[in-house]
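The values are calculated or read from the model by the stated rules, or taken from the named source; none is laboratory data. Because the structure is predicted, anything quoted here is derived from the model rather than measured. No Cβ is skipped: glycine too gets one built from the backbone with ideal geometry, and neighbour counts run over all protein chains shown. Remember, those area values only see protein heavy atoms, side chains included, never the ligands or the DNA or RNA. Shrake-Rupley method; radii C 1.70, N 1.55, O 1.52, S 1.80 Å.
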Amino acid sequence: MEILESLALYSYYGKPEYIPLFACRMIQLSLRHGWCSFTTFGYALYSVVLIAHDDIKGAERYGKLVLDIMEDKKAWYQHCRVNAVIYGIVFTHCRPLHLCLEPVAKAYRDCAKIGDSEWLVTNAALFATLSFQCGKELSSVEIFLNEAEERAKKWKTTTGFHNTRPLYQAILNLMGKANHPTLLEGDAISFTKEISNERGREMVQTTSRLQLYQMRVAYMFGDLDLAEHIVQESHGTEGIFFGKYEACEHLFYHGLVSFACARKTNEDKWTTFAQDSVGKMRRWAENA
């Protein structure tokens, strides 16, 4: 069970399509051989699978079930990992984002206390992203990311932390700390180098985040041509986020750029792209 849990964590970065396999296998083993401390993570992971397949109500039910099991069994050892999944991914679709911050922050602090380096990085990335999405002061998110990275370096777990780099660079751009505000190029990461790097492209989560934040800053700073290019490159790829709230942001900015391009060019494809984004977001909004 512990091996399956670790496989699920790392498959999220490169092969998220394997997550349903790991989730169902963990639940199958628990039903066959009985409950163990890792069972809660298996159910939590399954709730992410439901989110990724647009069953938000079902995912919320499983999320509540996991928390009830942890309360009943006093299985708090797993909360550093379960909170990351439930509050960092599942509940972001059905509860106010700011209510998800503190459970993820607590999981991060507790990971630091017990020396769980793998999930420390995961919780740090989720907390920083949620803080940004909640509109927290950008300088405070920057300070947090710097401190978290120092901890990751101390424990030699910087590989997973690379996934936060696109967000970090977007924050620097928005704070005026980049030479070219429309380009995701700077001290944190280089969009051009990462996209052209074959090994980097295998990390699909990082690639999708690069495209999201590049599209975002390009649109916000008025480079519609660049934003248009990113939309065409990444159209229909929101599933790679596999349930994370960034999938909503992806569609939101896709819709904004598509509407702007439809107004500019009067081409039908942009209207279709925009309507596709609106339709998907409308379905999600029913559970928000």
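Annotations for the structure displayed:
- For LYS113: the one exception among (1) within 28 Å of ARG165 (Cβ to Cβ); (2) in a loop (DSSP other than H, G, I, E, B); (3) modelled with pLDDT under 90: (2)
- Residues of the range 215-250 that are of a type in the set (D, E, K, R) and in contact with a His (Cβ under 6 Å, 6 or more places away or on another chain): GLU238 alone.
- Within the range 179-288, helices (runs of 4 or more DSSP H) holding 1 or more residues that are under 25 Å from SER11 (Cβ atoms) and at pLDDT 95 or above: 204-220
- Of everything listed in (1) open to solvent by less than 20 Å² (accessible area, probe 1.4 Å); (2) of a type in the set (A, V, I, L, M, F, W, C); (3) touching a residue at least 60 places away in the same chain (Cβ under 8 Å), the single unmet condition for VAL217 is (3).
- With respect to the conditions (1) of a type outside the set (A, V, I, L, M); (2) open to solvent by 20 Å² or more (accessible area, probe 1.4 Å); (3) under 15 Å from LEU45 (Cβ atoms), GLU142 falls short on a single one, namely (3).
- Residue match in the range 151-161 (condition: touching a residue at least 12 places away in the same chain (Cβ under 8 Å), of a type outside the set (Ser, Thr, Tyr), assigned to a helix (DSSP H, G or I) and closer than 18 Å to TYR12 by Cα): yes
- Taking the numbered list (1) more than 16 Å from the chain's Cα centre (by Cα); (2) within 26 Å of ALA52 (Cβ to Cβ); (3) touching a residue at least 40 places away in the same chain (Cβ under 8 Å); (4) open to solvent by less than 60 Å² (accessible area, probe 1.4 Å) in turn, ASP223 passes all entries but (2).
- Boolean, GLU118 is at negative phi and open to solvent by 30 Å² or more (accessible area, probe 1.4 Å): yes
- The set of residues in the range 162-178 that are in a helix (DSSP H, G or I) and either at pLDDT 95 or above or not β-branched (Val, Ile, Thr) (or both) comprises HIS162, ASN163, ARG165, PRO166, LEU167, TYR168, GLN169, ALA170, ILE171, LEU172, ASN173, LEU174.
- Options MET175, MET203: the member that is under 18 Å from the mean Cα position of the chain (by Cα) and open to solvent by 50 Å² or more (accessible area, probe 1.4 Å): MET203
This table checks each residue for (1) open to solvent by 40 Å² or more (accessible area, probe 1.4 Å); (2) closer than 22 Å to ILE195 by Cβ; (3) touching a helix residue (DSSP H, G or I) at 6+ places or on another chain (Cβ under 6 Å).
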position: GLU233; (1), (2), (3): yes, yes, no
position: PHE242; (1), (2), (3): no, yes, yes
position: HIS250; (1), (2), (3): no, yes, yes
position: PHE259; (1), (2), (3): yes, no, yes
position: LYS264; (1), (2), (3): yes, no, no
position: TRP270; (1), (2), (3): no, no, yes
position: MET281; (1), (2), (3): yes, no, yes
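- Unmet requirement for LYS136, which otherwise passes all of (1) over 18 Å from ALA247 (Cα atoms); (2) assigned to a helix (DSSP H, G or I); (3) modelled with pLDDT of 90 or more: (2)
- Any hit, the range 125-135, residues being under 18 Å from ALA8 (Cα atoms) and open to solvent by 10 Å² or more (accessible area, probe 1.4 Å): yes
- Test result for ALA170, more than 18 Å from HIS250 (Cβ to Cβ) and touching a helix residue (DSSP H, G or I) at 6+ places or on another chain (Cβ under 6 Å): no
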